[in-house]
Structure formats: C-alpha cells, structure tokens
Amino acid sequence: MKNSKVVWTILLFACCSAIAMAQEKWLVPEANNDMLSILIFDEDTQLEGKLIYTRSCRSCHGDPTKKDFTIMSPSPGDVASDLYQDQTDGSLFYKIQKGRGPMPSFENAFSEEEIWSLVSYIRSFNPEYQQKLPNLEGIEIPNLTLHISYDENIDKLVVKVTSDSLEVMADASVKAYIQGMFGKYPLGSEMTNELGIAYFHIDSKIPGDTEGYLDILVKTYKDYGTAKYAGKIQAGNPTIRKSAIEGRHLWSAAKKAPIWMIIIFNMMGIGIWGVIIYVIFGLRKFKKLS
Amino acid sequence: MESLKKKDLALIELELLSHVNWSRKSVIWLGTLVFLFAICIYFYFQQLKHGLGVTGLNDYVSWGIYISNFVFFVAASLIGMLISSIMGLIGVKWILPISRIAEIIALSFAMVAGLIIITDMGRPDRLHHLFIYGRIQSPIVWDITVVITYVVLSFLLLYLPLIPDMILCKDKCSQIPPFQRKMYKILSLGWTNTTGQYQLMKRFMKILMVLIIPVALAIHTVTSWLFALTLRAGWDSAIFGPYFVSGAFVAGSAAVIIAMFFYRNSFKLKDYITHVHFDKMGKLLVMVALVYVYFNINEIIVPAYKLKGGEAEHLKSMLAGSDSIMFWTVQLGGLIIPFALLVIKRMRRPLPLTIISVIILVAAWFKRYLIVVPIQEHPYYPIQNVPEELMHYSPTIAEIAITAGPFILLLIIITVLSKLFPVIPIWEIKENLEHEK
C-alpha cells in the first residue's frame, strides 16, 4: 500500500517535470537561430504581417500586448512579451515555420517573405528592437526600376521590373497598395513572371478623385535590391466628394440650420410671444375702462 | 368654504391682509436669509476668480450638483402653474385659496432655475454669446427660450389677478411704507374695480391659462432632452420627457404642500387653507406619484431586461453597485413608502402630509442627482488607463455653498412676494362667496 503511493507520487513528479521541460526547451538549430531577414522591416512589412497575424494567429495568441491569448498547455503566450522579444529573428522565423505541438507549422501556408513580415509585426511591439542586417559585402545588389501602367480592359495594374539597363527581372517580389487618407489598402503581393511582369487587380468601384485617379504605391524587392513607385493612376471610380458640413444639417453652423427647424422654432416663438405681447399691450386698456 | 360663509366679508379682508406688512419677525427672517445668501455669494466670487476648478467637476463628470439642482428647480416649478390653470379652467372651486400659493412657488422656482445654469458656466461673462452665437439646433437654446417664456407667462398669471388685491392693499393696509403704497398704485395700472376691467382681466387670464399648459410641459420636456438627445447610455431614452414631467408633478406637489403648511401656520390662515385642502392635495400627490412610479418601472425594467453595453454597467452600479444605497433609499424611502402611507386618510392631515412632502422633496433632489451624475462616472467610450480620480465625483464645499444659494434666494423671493401681496386671492374669494349666497 505505502509503497504504491510513493511510486505514484514519483511518477506524478516525473510527468510534471517532463511537461515543464517540454515547455521550456524548444531548441532551434544554430544556423536557423542566426538567420537574418531577407526583408528590411518597415511600416509596409508590419502592415502585411498584421493582416496575416489577425487572420491566422490571433485566435490562439490574442491581441499583442493584451495578454488575451487562449489558455492551453503549453501556453501560446503574448507575442509582445519578453518570451518572444528576447529571441533572435531567426528563432522566431524557425518556430513559426516549423511549429511544435499545438503550434501549427506554417511552412506550407506562407512564403518566407510572409513569415518575415510576421516577425516584423511581432517586432513592432518592441520599441528597443533594432533590426540586424546581414553583411552585404561582396554581394552584388541589383538596381531595380519599376515601370507602371494600367490596363483598363482587364482592370489590372501592370508592374514591370527591370534593372537599370532594362534587363528583365524575373522572380522579383512586388507589392502594391492604394494610398488612403489614413492608411494603405494592400492590392496584393506577387512575384514577377519570366517577362518581369506582375499584375494586380484593381476593383474599378474603388472611389478615386473627381477624374478617377488613385494614389498608387508599388514596391519591389529582389536580392536586397529595392525600388519604390508612388504616383497617380486613373483606375478608380470618379467620385465627387461632398463635405459633411455642406448643406443644412443638425450639426451645421447656426446660419445653416435646417429650414424646417427654423420654421418650427420661429413659428412657436412668434405664436407664444405674440400672445404674450398682445396681453402686455392689452394691459393699457384697464385705464380706459376705469 | 363652509367655514367662510359665516364670516363677514370685511373680516375676511382684514384677516387676509394681516400679513402684508414688515413685521419684526419677517425682517429678522429676511435678514438671516440675506446674511446666509451673502456667504454663498462669497463662494461664488471665489469660483468667478479661480474658475470651475474650485468645484469637484472634472473631465468626466462635467455636470454635477449644479445641473442636478437646475433640473430639480425646473421640476419643482412645473406643477404650480398647472394646478392653478388646469383646475381654474375646469372650474374646480376648492383650489381657489391655494392657487396663488402654487403660482408663487412656481414662479420663484422658475426664476431661480435660470440663475443656476449661470453658476455652472466657466465664463458667465459670455452669457450673451448664447444669444449671439446660439444654434437653434441645440437643445440648450430651446431650454433657455422655453424657461424664459415660462417665467414671463407665470409672472403674468400671478400678476393679473393680483391687481384688484393691490388696490385693496393700497387702501386698507396701514403699516406699510409710502413707497410701497406708491408701488401698488403704479402696478395696479389705474384699476378701479369696474365690471369692464374684470371682464378684460378674466379674458386675458383664460388665454394665458391655456397657453401656460403646453409651455409648462415643454420646460421639463426640453430639460429632459438636454440629456435624452445625447447618445450616452442611461440618458438615451425615448421616455425621458414624460419621465421628467411626471417626476416634476411629484416634486412640485410636495413643494406646494410644504408652502401651504407654512403659510397656514405663520399667516394664521387655518380657516382658508383647511384640512380639506391638505386631504385633496395629498390625494393629488398619490395620483402623480403613481404615474411617476409607472414611468420609473419602464425606465428601469426595459433596459435592465436587455442589459446592453454601457446601459448594463450603469444599471448594475445603480441597482446593486456603488450607487445602489442612494438609489434604493430614494426609490423606496422617497417614493414607494410615502405613496403607500398617503393612501391612509390620517396621513393626509396637515402635519403628517407636510412631513411626508419634505421627505419626498429631499428624495426628489437626490433623484435628480442620480439621473445626472452617476452616468458620467463611466467613460463615454471604452478608454484605458483613466486616472482614478476622474471616475469619481464629489462636490467641494464651495460647490455645495453655491448650490445652497439658490435655495436661500428662493426663500427670499417667496418671503418678499408674500410680504408684499396677500397669498390668498381676496377678490376671488369674495366673488365666490357672493356668488354662492
């Protein structure tokens, strides 16, 4: 009897520590640990990371900084916490790519670039973070040039990537956005084909300016070479914007009060005060009647 | 009226004019009030000098006891005019001796209500901006308009039937200073008691009595809209208008009963304001309290069943949280229990009825506080890291003094009015008695 209790207790301890061990040690191979991002982290990579995160990670990891991750064992944890921020970029990349236990592997789901943009997003919650860039000595970085046009027959933005000398750049990654007042609307992320061309669909219903122009932003990346384009393309729906304070509304200035309100207010005022004034003037008649 | 039938008309005149003088007692009373009011004025000057910072108002609770007090004063001013005008139009005779008292209460509360808003202003020197830059889309502009209209209308309704009595004061009162006699003469507009004059006065009265009904309902409806036309949970309610109006009936009736009691005792009017009047006013109070209970049930049960968002938070703190003690004291002690007691006939005798009315009136004040303040202690939008002190409001000494000021001013106005004029319409009583003979 006594013996079996001791055995059980030992077994229980063993199990617990096994679980604890498993939770603690997630070994990342040296080479992977030191891997550096192929992207330079900026607002755009963060934005893209955020979109992916919201779709694919939030359900378990919760909103970063809020510590509202799903309770499970092992715990997913908050990606803004030190547990994450103390790791190298390469380690985060590796863990997202490979997964472990309940943490799914995203190797087949996302391209390397997308995983790096997730890392970029996770890093955006660390104000002290400074991206470590690879040593680029001896590597030839291509000079990229963007050629932008719009094909209105198929509603597509056509982006061609070449080198300075107009040599076609295949397999360059291209991202396109529409610039809004408060943020960017991503049109997508594509690789150029063998002709160095990537297409982006633009919904023609997207409201442009009065002539249908949209502010377009395009970025490309290949082997640490980058290029950027910002300009107007006539691809949207011509829209005449009305100011919210134009016309007569409840929220307008005094001079632009709604007509019906002016009428009702004044009618009631004049009606009631008319009677009051009639009575006040009528008071003089008392003297005549004496 | 029965007790009066035996009385000689001359005696009635004498008795009803007996309080129109500046007796020692009344002067001491007025002096005390003025002294107390001066203290409040001192605090108001502090506020003028240092700004609203001397109050407990903050970013969140920007409407504190000043606005609660304003709502209370508007509420108390409402019923007086309605009692005298509706009953007068229907031709209810018993109301006659207390109609002027009701009007004095109404006018005094309404006059002071307008001033209270000014105490809530950080820059009262810019008051006229309201008239220059005010937007008619704003309920505040409607409220100012309708309060001013109501004050003028109730002034006229009080003034017109006073004219014959002023002539009487001028001729019969012996202990009044000459300037007062002169004032009566000017204010009586050459009145000589001719039938033509009476006919004209009654015609004007009828017009004004009809007109005051919608305006009286409007003052409190529009005051409720100051709250209900916002999107804030707890104020955003479609029944706020009738809810406020029915609450005003309760507060106003209680105020009239208290005034009746004091006039009856200190002006020796026991033969004029009788047990019958208290009994009837008590019944009226029961009726209006019932209506108010009905609106309270609606105002609370409907959102409490759904418990959506901000409303849930507010209701929970009201029904079972930080404000629950005040809430249940007011609802039970200031509405349900008094109402239940008033159903008993013995409780409608002058003294018990007056005590109950005082309790109801005090509870009515706290009810306004509950409507105005606790809702603002919750942030309008979900906000993080709100400084703790913004979530709570407690009035400062200066603020309490500035809130007491209107009450003292109210007593001063009521005292002066009832020392200048007979509080019971003498000519109407006489006319009525002659008619019955």
- Hey, does segment B:148-157 have a residue that's at pLDDT 90 or above, open to solvent by 20 Å² or more (accessible area, probe 1.4 Å), within 14 Å of chain A (Cβ to nearest Cβ) and farther than 26 Å from B:L96 by Cβ? yes
- Message: Looking at B:K283, B:K270 in this structure, which one is part of a helix (DSSP H, G or I) and in contact with a helix residue (DSSP H, G or I) (Cβ under 9 Å, 6 or more places away or on another chain)?
- Response: B:K283
- Task: Give just the number: which of (1) under 25 Å from B:V54 (Cα atoms); (2) touching a residue at least 60 places away in the same chain (Cβ under 8 Å) does B:V416 not satisfy?
- Result: (1)
- Task: Within segment A:137-151, track down each residue that is modelled with pLDDT under 90 and open to solvent by 60 Å² or more (accessible area, probe 1.4 Å).
- Result: A:E137, A:G138, A:I139, A:E140, A:I141, A:N143
- Task: Give segment A:254-271 a look and list any residue that's under 44 Å from the mean Cα position of the chain (by Cα) and either more than 7 Å from every other protein chain (Cβ to nearest Cβ) or in a helix (DSSP H, G or I) (or both), or say none.
- Result: A:A254, A:K255, A:K256, A:P258, A:I259, A:M261
- Query: Just one of B:F35, B:F70 is open to solvent by 60 Å² or more (accessible area, probe 1.4 Å) and either under 25 Å from B:T274 (Cβ atoms) or not basic (K, R) (or both); which is it?
  - Reply: B:F35
- Query: Considering B:I301, B:I356, which residue is touching a Pro at 6+ places or on another chain (Cβ under 6 Å) and among the β-branched types (V, I, T)?
  - Reply: B:I356
- Query: If you go through segment A:62-85 one residue at a time, do you hit one that is farther than 30 Å from A:G180 by Cβ, of a type in the set (V, I, T), outside the structural domain of A:K175 (by TED's automatic domain parsing) and open to solvent by 50 Å² or more (accessible area, probe 1.4 Å)?
  - Reply: yes
- Query: What about B:I258, is it crowded, with 16+ Cβ neighbours inside 10 Å, under 23 Å from the mean Cα position of the chain (by Cα) and not in a helix (DSSP H, G or I)?
  - Reply: no
- Query: Among B:L115, B:L130, which is within 14 Å of chain A (Cβ to nearest Cβ), aliphatic (A, V, I, L, M) and in a helix (DSSP H, G or I)?
  - Reply: B:L130
- Out of curiosity, is A:K242 assigned to a strand (DSSP E or B) and either at pLDDT below 90 or open to solvent by 40 Å² or more (accessible area, probe 1.4 Å) (or both)? no
- Note on the structure: (1) open to solvent by less than 20 Å² (accessible area, probe 1.4 Å); (2) closer than 21 Å to B:F73 by Cα; (3) not acidic (D, E) all hold for B:F295 apart from (1)
- Message: With exposed (fewer than 15 other Cβ atoms within 10 Å of the Cβ) and either part of a strand (DSSP E or B) or away from chain B (no Cβ under 14 Å) (or both) as the only criterion, which of A:G231, A:G274, A:G247 stands out?
- Response: A:G231
- Selection over segment B:353-402 where residues are assigned to a helix (DSSP H, G or I), over 27 Å from B:F295 (Cα atoms) and in contact with a Ser or Thr (Cβ under 6 Å, 6 or more places away or on another chain) yields a count of 2
- Query: Looking only at segment B:222-250, which residues are crowded, with 21+ Cβ neighbours inside 10 Å and either under 12 Å from B:V74 (Cα atoms) or within 14 Å of chain A (Cβ to nearest Cβ) (or both)?
  - Reply: B:V222, B:T223, B:S224, B:F244, B:V245, B:G247, B:A248, B:F249
- Message: With open to solvent by 10 Å² or more (accessible area, probe 1.4 Å) and within 13 Å of chain A (Cβ to nearest Cβ) as the only criterion, which of B:V92, B:V141 stands out?
- Response: B:V141
- Query: Which residues, taken from segment B:309-320, are small (G, A, S), open to solvent by 30 Å² or more (accessible area, probe 1.4 Å) and in contact with a His (Cβ under 9 Å, 6 or more places away or on another chain)?
  - Reply: B:G310
- Message: Can you say whether B:A10 is exposed (fewer than 12 other Cβ atoms within 10 Å of the Cβ), part of a helix (DSSP H, G or I) and at pLDDT below 85, as far as the supplied structure shows?
- Response: yes
- Item | Some residue of segment B:177-196 being more than 14 Å from every other protein chain (Cβ to nearest Cβ), charged (D, E, K, R), farther than 30 Å from B:V372 by Cβ and assigned to a helix (DSSP H, G or I) | yes
- Message: Tell me yes or no: at least one residue of segment A:162-184 is part of a strand (DSSP E or B), open to solvent by 40 Å² or more (accessible area, probe 1.4 Å) and out of contact with any Leu (no Cβ under 9 Å at 6 or more places or on another chain).
- Response: no
- Task: Look through A:V218, A:V279 and report the one residue that is open to solvent by less than 40 Å² (accessible area, probe 1.4 Å), of a type outside the set (F, W, Y) and within 14 Å of another protein chain (Cβ to nearest Cβ).
- Result: A:V279
- Does at least one position in segment B:52-63 carry a residue that is at pLDDT 90 or above, of a type in the set (F, W, Y), under 26 Å from B:F366 (Cα atoms) and open to solvent by less than 50 Å² (accessible area, probe 1.4 Å)? no
- Kindly indicate whether any position in segment B:199-208 is away from every other protein chain (no Cβ under 12 Å), more than 17 Å from B:V151 (Cα to Cα) and open to solvent by 80 Å² or more (accessible area, probe 1.4 Å). yes
- Query: Would you say A:S120 is farther than 17 Å from A:R55 by Cβ, in contact (Cβ under 8 Å) with a residue 40 or more places away in the chain and crowded, with 17+ Cβ neighbours inside 10 Å?
  - Reply: no
- Do we have B:M121 as open to solvent by 50 Å² or more (accessible area, probe 1.4 Å) and not in a helix (DSSP H, G or I) here? yes
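The values are calculated or read from the model by the stated rules, or taken from the named source; none is laboratory data. It should be emphasised that the depicted structure is a prediction, and the values quoted were computed from it without experimental measurement. Neighbour counts run over all protein chains shown; Cβ positions are idealised from the backbone, glycine included. Protein only, heavy atoms only, side chains kept; ligands, DNA and RNA dropped before computing areas. Shrake-Rupley method; radii C 1.70, N 1.55, O 1.52, S 1.80 Å.
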